[in-house]
Amino acid sequence: MKTDEISRLLVLINLAEFLPPPYGGLENMVCQPVWNSFLLRYSQSKDNVITIVLSTIYTSGWVGIGFSRDGMMINSSFMAGWVTPAGHGKIKQYYVEGFTPSKIIPDKGELSLTSVPPLIYRQGATVYLAFQLKYPTPLKTQPMLLAFSTKYPQHHHLTAHEDKTTIKFDFSSGSPFAVTATPNNYNSSKTHGVLGFILGLAGVVLGIQLNNKLQPDIPGHQGIGILILVLSTLQVLAFFVRPDIDSKYRKYWNYYHSWVGRTALFFGALNIVLGMHYAGAGQGWKISYEFILASTMLACIILEMLLRLKKLDEPTLPSNYAMNTI
C-alpha cells in the first residue's frame, strides 16, 4: 500500500476510541500528512494551548518530532517515544546539544509542556505520540524536525536516526511546506578551490622561472607570492575538514574560510601592483589593471550587500516561540 493511501486511512481513524482526553477528543482538529506515513493532528485553543498527536507506521525503535528556531538539529527540543517489546510505552523530551548520543540529553528541553502527561500508544501497526504545549501567543509558522529509528534507545539514550526531515508547519492554516534544501554544491565548491589553487601555483612556478632567469632583488614581491601560495594551500586543505552544516562549529569555519580568502585576494592584488612596478609596465597596463581592480571591488561590494539584504529578508520565527526550560 502506498504512503498516501496509508495516510488517508489514518485520517479516518477515531482517536477517541483508544486515546484518553484531551488527545482522543480534539475540538476543531486539523489533520495533515507531513512526511512519508507521518500524520500530524493538532488543535489550538483560544488560550494558546496546542494539543498535538503525531502518528506513523511503527514496527520497532523510536519516533520523534522536534521544534527548532532555525530548522537545524543543534539546540532543538523534541519529543521522542517508543513502545518496548513488552508493550510498555516510553516518551521523553530531549535537548540536542550535539550529534553524538551523549549530546542528546533526555529529560531536558525548552518545550513548554502543560500539566497534561504526554503519552505514546500503539494501535495495531500505528503508533501515536501525543503531548500538549502552552504558548503566550498563537503559534504560527514553526520549523519542525521529524525522525525515526528502528533501533530501541539504550537506557533512554536515543540511537542514531535512520532518516529525518525538516519542514515548516503553519499552525494558523494547517499547511506544511518543506524547507528548501540547500543545493548540493560539493562539485562546484571543489572546482572553485582546485581552480584557485592551480592558478596560484602556476603564478608561483612562473615567478620562480623568472627569478632564475633574471635574478632580481625583490624580496617583498617574492615573499608575498609565497604567502599567497600558503594561504591558497590552507584554503584547499580546509575544504576537507569542513564541518557539517548543522554543526555548531560551521560558522567559525565560514569565518576562517572567508577571511583567509579575502586576505589572499588582497595580497594577490598588491603583488600584481608590485610586479608591474618592478617590471616597469607602461601606463596602458596600469590603467587597465586599475579598471579591472575597481570593477572587481565594486562587484564584491554589491554582492556582499545583496547577500546581507537577503539574510534580512529571510523569515524568522515569531516572538511567540519563546520556550521555557522544563
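The values are calculated or read from the model by the stated rules, or taken from the named source; none is laboratory data. Being a predicted model, the structure only gives us computed values, none of them experimental. Counting neighbours? That spans all protein chains shown, and the Cβs are built from the backbone with ideal geometry, glycine included. Each accessible area value is taken on the protein alone, full model and side chains, heavy atoms only, with ligands, DNA and RNA left out. Shrake-Rupley method; radii C 1.70, N 1.55, O 1.52, S 1.80 Å.
Observations on the model:
- Any strands (runs of 3 or more DSSP E) falling wholly within the stretch 38-125 and containing at least 2 residues that are farther than 14 Å from ALA160 by Cα: 38-44, 49-57, 62-67, 77-83, 89-96, 119-123
- Residue in the stretch 94-105 that is within 28 Å of the chain's Cα centre (by Cα), surrounded by fewer than 17 Cβ atoms within 10 Å (Cβ to Cβ) and touching a residue at least 60 places away in the same chain (Cβ under 8 Å) present: yes
- Residue within the stretch 239-250 that is in a helix (DSSP H, G or I), out of contact with any Pro (no Cβ under 8 Å at 6 or more places or on another chain) and closer than 17 Å to GLY196 by Cα present: yes
- Residue, farthest from the chain's Cα centre (by Cα), within the stretch 65-84, restricted to residues that are open to solvent by 20 Å² or more (accessible area, probe 1.4 Å) and at pLDDT 85 or above: THR84
- Checklist (1) hydroxyl-bearing (Ser, Thr, Tyr); (2) loosely packed, with under 15 Cβ neighbours inside 10 Å; (3) modelled with pLDDT of 85 or more applied to TYR121, failing item: (2)
- Single match in GLY109, GLY87, GLY61 (criterion: open to solvent by 40 Å² or more (accessible area, probe 1.4 Å), touching a residue at least 24 places away in the same chain (Cβ under 8 Å) and on the phi > 0 side of the Ramachandran plot): GLY87
- The stretch 237-259 residues that are open to solvent by less than 80 Å² (accessible area, probe 1.4 Å), paired with ones that are modelled with pLDDT of 75 or more and not in a helix (DSSP H, G or I) (beta carbon under 6 Å, 6 or more apart): PRO243/TYR249; ASP246/MET72; ASP246/MET73; ASP246/ILE74; ARG250/PRO243; TRP253/ARG242; TRP253/PRO243
- Within the option set LEU133, LEU129, LEU146, LEU139, being hydrophobic (A, V, I, L, M, F, W, C), in a loop (DSSP other than H, G, I, E, B) and within 27 Å of ASN14 (Cβ to Cβ) holds for one residue only, LEU139.
- For the stretch 265-281, the criterion of being surrounded by 14 or more Cβ atoms within 10 Å (Cβ to Cβ), farther than 17 Å from PHE197 by Cα and among the polar types (S, T, N, Q) is met by none of the residues.
- If you go through the stretch 158-212 and pick out every residue that is in a loop (DSSP other than H, G, I, E, B) and modelled with pLDDT of 70 or more, you end up with 8.
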